[in-house]
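Down below is the structure, laid out as structure tokens.
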Amino acid sequence: MNFKKLMLIAVPLIVLILAYQWMTKVDRTDAVQVATAFTKNLKSGDASKAAKYYVPEQADAWEESVTYMKSGARDRFRERIPAEPAFSAPVTTPAGVTTISSADKAYALEMKQIDGKWYVAKVPG
């Protein structure tokens, strides 16, 4: 195989990979996108991916607490998480706590903004 043929395969493949990464990237300045990505990862059972959207200094401890839940508690915890939350815009309470709720108001997350980026700060549980 010569170099031209290799490049005809490699370049489009690299472009496709980069385009996919760019199109599926979560905008950290959008609380709704962060909450949705966190919730979908948590619902699928991937606590390590969900932890990427949790407040950085507390993410490891939170991930460990979810990972080492007993199976029955973990199942009940995941059952309460909506598959398609359809979050509304975040609301800041008079006490200074920012929350974001699912469309049916049955699921809410506490959010925190650090250096312009949104993170999940508390999960119902």
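Inclusion of residue 48 among residues that are polar (S, T, N, Q) and surrounded by 18 or more Cβ atoms within 10 Å (Cβ to Cβ) is not warranted.
Restricting the search to strands (runs of 3 or more DSSP E) fully inside region 28-124 and requiring at least 2 residues that are free of Cβ contacts under 8 Å to residues at least 40 places away in the same chain and out of contact with any Gly (no Cβ under 8 Å at 6 or more places or on another chain) gives 98-101, 108-114. Looking across region 1-41, the residues that are of a type in the set (S, T, N, Q) and modelled with pLDDT of 80 or more come down to 2, 29, 33, 36, 39, 41.
Considering only region 23-44, I want to know if a residue exists there that is surrounded by 12 or more Cβ atoms within 10 Å (Cβ to Cβ), small (Gly, Ala, Ser), closer than 19 Å to residue 78 by Cα and out of contact with any Phe, Trp or Tyr (no Cβ under 7 Å at 6 or more places or on another chain). Yes, region 23-44 has at least one match. In region 67-89, the count of residues that are among the aromatic types (Phe, Trp, Tyr), within 15 Å of the chain's Cα centre (by Cα) and within 13 Å of residue 118 (Cα to Cα) is zero.
Which residues, taken from region 47-83, are modelled with pLDDT under 90 and among the acidic types (Asp, Glu)? If the condition is that a residue be modelled with pLDDT under 90 and among the acidic types (Asp, Glu), then 75, 79 are the ones that fit.
Here residue 9 meets each of (1) surrounded by 10 or more Cβ atoms within 10 Å (Cβ to Cβ); (2) under 20 Å from the mean Cα position of the chain (by Cα); (3) of a type outside the set (Gly, Ala, Ser) with one exception, condition (2).
The values are calculated or read from the model by the stated rules, or taken from the named source; none is laboratory data. The shown structure was predicted, so the numbers you read here are calculated from the model rather than taken from an experiment. FYI the Cβ positions are ideal-geometry reconstructions off the backbone, even for glycines, and counts take in every protein chain you see.
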